1. May I ask you to list pairs of residues, at least six apart or on different chains, whose Cβ atoms are under 8 Å apart, with the first in segment 79-103 being over 25 Å from residue 67 (Cβ atoms) and touching a residue at least 40 places away in the same chain (Cβ under 8 Å) and the second being loosely packed, with under 15 Cβ neighbours inside 10 Å and aliphatic (A, V, I, L, M)?
2. Could you list, in sequence order, all residues of segment 98-124 that are among the hydroxyl-bearing types (Ser, Thr, Tyr) and either more than 16 Å from the chain's Cα centre (by Cα) or exposed (fewer than 15 other Cβ atoms within 10 Å of the Cβ) (or both)?
3. What is the number of the single condition among (1) in a loop (DSSP other than H, G, I, E, B); (2) modelled with pLDDT of 90 or more that residue 22 does not meet?
4. Return the residue satisfying two criteria in turn: it lies in segment 14-32 and is under 12 Å from the mean Cα position of the chain (by Cα) and surrounded by 14 or more Cβ atoms within 10 Å (Cβ to Cβ), and of such residues it is nearest to residue 95 (Cα to Cα).
5. Here are some conditions: (1) closer than 28 Å to residue 117 by Cα; (2) loosely packed, with under 12 Cβ neighbours inside 10 Å; (3) at pLDDT below 95. Residue 71 meets all but one. Which one does it not meet?
6. Looking at (1) buried (at least 18 other Cβ atoms within 10 Å of the Cβ); (2) part of a loop (DSSP other than H, G, I, E, B), can you tell me which one residue 6 breaks?
7. Looking at segment 16-35, I want the residues that are within 14 Å of residue 113 (Cβ to Cβ) and in contact (Cβ under 8 Å) with a residue 40 or more places away in the chain and have a partner that is buried (at least 16 other Cβ atoms within 10 Å of the Cβ) and of a type outside the set (Ser, Thr, Tyr) with Cβ atoms under 7 Å, at least 6 apart or on another chain. Which pairs are those?
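The values are calculated or read from the model by the stated rules, or taken from the named source; none is laboratory data. Nothing here was measured: the structure is a model prediction, and the numbers come from that model. FYI the Cβ positions are ideal-geometry reconstructions off the backbone, even for glycines, and counts take in every protein chain you see.
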Amino acid sequence: MIFNLISYLRTQLPSLTFISEGENYNEEGIRVTQTGGEDNHDIDRIDFNVQLLSKYKKLFTSKNNIDSVYAILKNRFGLILPEVIIGALTYPEVTTYRIVPMQIPGYLGTDDNGYHMYSFNIIVTTK
């Protein structure tokens, strides 16, 4: 599901750089990572916890870019995430039940290289 989400974001916001797990994150961009968590419900659904982390040299660029991502993902229902092919692996199209933010984007400070970081987390429900 994470690669499908990144593909959707790249289509919707083509001027931004989205980085997945395993890709080099030493430059500016928005990292999209599936995080852990335990299911705490008793109904048949699948929840994916996802963190989006914006990292740019300029504070306002980092803030504006994460706000753009937040705006297109918050409180979405029935969003279709496209099929993705990576090498020999095919990740089929995914229809989400809902995408809800766990919080609004927040400032995390700067990293060791002086990049300004903003982050927010979402829950993507697919079943």
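1. Close Cβ pairs (under 8 Å, with a partner that is loosely packed, with under 15 Cβ neighbours inside 10 Å and aliphatic (A, V, I, L, M)) amount to 91/85; 93/80.
2. 107, 110, 115
3. All conditions are met except number (2).
4. Across segment 14-32, the extreme among qualifying residues is 32.
5. (3)
6. For residue 6, the failing item is (2).
7. So the pair list comes out as 28/55.
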